[in-house]
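Here the structure comes first, spelled out in structure tokens, and everything after it is commentary.
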Amino acid sequence: MNYVENILSHASGRKSVSAGEYIEARCDTVLMNDVTGPLAVKEFLKRGKKIKNPGSVVIVCDHFTPNKDIKSAENVKFLRDFARKQKIRFFEIGNGGVEHVILPEKGIVKPGDVVIGADSHTCTYGALGAFSTGVGSTDVAFAMLMGKIWFMVPEVMEFVYSGKKGKFITGKDLILLTIGKIGVNGANYKAMKFAGTVISALSMDERFTMCNMAIEAGGKAGFVVPDKKTADYVKGRPGRKARNFADGPSAQTFKMDISAVKPLVASPHLPDKVGPAARLNKVKIDQAVIGSCTNGRISDFAQAAKIMKGRKISAGLRCIILPGSQEVYAEAMKKGYIETFLKAGCVIAPPTCGPCLGGHMGILAGGETAISTTNRNFVGRMGAVSSRVYLASPYTAAASAVRGRIISPEQL
Amino acid sequence: MKNIIKGNAYVVGDSVDTDVIIPARFLTSDNADELAAHCMEDLDKDFSKKVKKGDIIVAGDNFGCGSSREHAPIAIKASGISAVIAKSFARIFLRNCINIGLMVFVCDMKKDARAGDEITIDMRKGEIINARAKKIYKVKPVPEFIKKIVSFGGLLNYAVQRGR
């Protein structure tokens, strides 16, 4: 059995499972947010009183918080009351941040866990070696009632990266490269395993970025088999111990030498429209967004600050910095990144999903263009139907913000 | 549940994402009728006016990709759409459809389909017929447990009926 099969056989209490089988599995963590949570809770309350396993359930209000309007405030209040009654973990502004940034930080997800979340980017936790996948609100309601959920065991599609990473090449560039190669449904129903010497050397933050965007290739999950970096990340954080599982053969393997890869950008309106940033120099931008569950961690801001240090963003351009959590925000202050961003002319937003999904705090007007470190560039994703979003790494987004047009950081 | 679904086609392309099915600006509500009023608005602003009860969405690859928002299939179902046929579905969306009781069929029939074509889905025979195009497509029979979930109106009703 491979890593995913080993986790899922353990979670389903079976001796063995194999790809294609339907199973019922225990969930270590069941996650919802202020968009998907109200629906899940209402459906749950129609049929149950007490959550079967309250210790597993986590609510993070991050999408429309700080509450953008009365309806969002009512939704958060509803979830806060529910969490208090059920004695489940609840995070909102002040103790929280973007769900997929804070759960690993707070030690809620551990290697070997099974995690479901009513948010498609729940696949992020694969970077810790969890089997972690996005579901809908009904699935979360079901898991609250029953303490388990049904899965089809996915096939593993393995990506092996070798070669020497060029200057300014990040986990974001690698995942964009991969999505560009296999397409937006290239890994539909499959678990994407990221491996090879390049991944071994990659920081945890960049592994989170890569696993986060597995869904953009249709992946059910993305994961990296835990190694010393994983163990170091987990060490000293609260919560239960990591579970270790063996790995085995994958159904498919793709090998990539990434030595020649240059900074990449996904053009509107799909994450697989990937090409070199240096070929998009004609694209003028109105807004840059740096942050999100994809690139809202400390090393992302280190990269952006490295570019912006001593520079100013282009006149007339707006640049929004969204630290992924209180912890990331504090660290970015301590390291002087926040000061660098302020001096460059950026605005610092609170930890929130904000503009990524067109929620608030940086919505685009008709015809406007943004470069963003987020994960989706669908039609109307960040605002008006005629607005356009280009996806890139923090280096590339910061360099483009300085120039006012899309450039590769090498061109600055 | 009925074994035959009949309706007129509403044809869309590849990778129709859940952000266009129901944009985030409407996600502060989970009321099915409110969501239906804005369904597909960013793709076709007249969708809610055009669609008649019983219509069937016929799509290409990767229908429902992106966000896990269940508001998307809820909006489609409340618009009166009786089923979605696509060459392929994004997995969270597919799961959500089954869970809320919206029938979905994997079938590559978009290339021959035109808006308004009368489509007949025969679940017992495992066939989809497009009368105008004179085409009959084979589809995998719907597994019994999925038919049951849909006939109970979704996963939770089914779970409760089954005595959990």
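Bear in mind these aren't lab numbers, they're just calculated from the coordinates by the rules spelled out. Keep in mind it's a predicted model, so treat the numbers as computed, not measured. Ideal geometry is used to build each Cβ from the backbone, glycine not excepted, and the neighbour counts take in all protein chains shown.
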>> Based on alpha-carbon centroids, what's the gap between the range A:349-379 and the range A:188-237 in Å, whole number please?
In response: 25
>> Need one number: % antiparallel among DSSP beta bridges in the range A:3-255, to the nearest 5.
In response: 15
> Charges only on Cβ, +1 for Lys and Arg, -1 for Asp and Glu: so what's the dipole of the protein assembly as shown about the Cα centre, in debye to the nearest 20?
Replying inline: 500
> Suppose every K and R has +1 on its Cβ and every D and E has -1 on its Cβ; what is the size of the dipole of the range A:3-255 about the Cα centre, in Debye to the nearest 20?
Replying inline: 700
>> Could you tell me the relative contact order of the range B:79-147? Use alpha-carbon pairs under 8 Å, at least six residues apart, and round to a whole percent.
In response: 24
> What does the charge dipole of the range B:4-161 about its Cα centre add up to, to the nearest 20 debye, if the Cβ of each Lys and Arg holds +1 and the Cβ of each Asp and Glu holds -1?
Replying inline: 660
> If you rank A:Glu206, B:Glu34 by fewest surrounding Cβ atoms within 10 Å, what's the result?
Replying inline: B:Glu34, A:Glu206
> For the range A:102-138, list residues with backbone N below 16 Å from a point placed 7 Å from the Cα of A:Lys241 toward its Cβ?
Replying inline: A:110-113
> Using Cα-only point scatterers and the Debye equation, what is log10 of I(q)/I(0) for the range A:121-161 at each q in 0.15, 0.22, 0.24, 0.29 Å⁻¹, rounded to two decimals?
Replying inline: -0.48, -0.89, -0.99, -1.16
>> Test of understanding: in a Gaussian network model of chain A with alpha carbons linked when under 10 Å, which of A:Ile215, A:Ile93, A:Ile179 would top the mean-square fluctuation ranking?
In response: A:Ile93
> Among B:Arg69, B:Arg91, B:Arg124, whose mean-square fluctuation peaks in a Gaussian network model of chain B (Cα, cutoff 10 Å)?
Replying inline: B:Arg124
> Which order results if A:Leu412, A:Leu391 are arranged by neighbouring Cβ count within 10 Å, fewest first?
Replying inline: A:Leu412, A:Leu391
>> For A:Lys165, give me every one of the aspartates and glutamates with a C-alpha distance below 15 angstrom, ignoring sequence neighbours fewer than eight places off in its own chain.
In response: A:Asp173, A:Glu206, A:Asp257, A:Glu410
> Using every alpha carbon pair in the range A:127-261, what percent of pairs falls into each 5 Å bin from 0 up to the bin containing the largest distance?
Replying inline: 2, 9, 19, 21, 20, 15, 9, 4, 1, 1, 0
> If you take the charge dipole of the range A:267-411 about its Cα centre, with +1 on Lys and Arg Cβ and -1 on Asp and Glu Cβ, which of A:Ile348, A:Ile307, A:Gly336 is farthest toward its positive end?
Replying inline: A:Ile307
> If chain B were replaced by its equivalent ellipsoid, with semi-axes equal to the square roots of 5 times the Cα gyration tensor eigenvalues, what would those be, largest first, whole Å?
Replying inline: 22, 21, 13
> Looking at A:Tyr233, A:Gln287, A:Ala221, which one has the Cα that reaches farthest to the positive end of the dipole of the range A:221-319 (charges on Cβ: Lys, Arg +1; Asp, Glu -1)?
Replying inline: A:Gln287
> Can you list the equivalent-ellipsoid semi-axes of the protein assembly as shown, largest first and in whole Å, using the square root of 5 times each Cα gyration tensor eigenvalue?
Replying inline: 35, 27, 24
>> Can you compute the helix-only [θ] at 222 nm over chain B? Use -39500 (n - 2.57) per DSSP H run of at least 4 residues, normalise by all residues, nearest 500 deg cm²/dmol.
In response: -7000 deg cm²/dmol
>> Of all beta bridges DSSP finds with both residues in the range B:4-161, what is the antiparallel percent, to the nearest 5?
In response: 50
> So if R0 is 25 Å, what FRET efficiency would A:Asp257 and A:Gln411 give, r being the distance between their Cβ atoms, rounded to the nearest 0.05?
Replying inline: 0.55
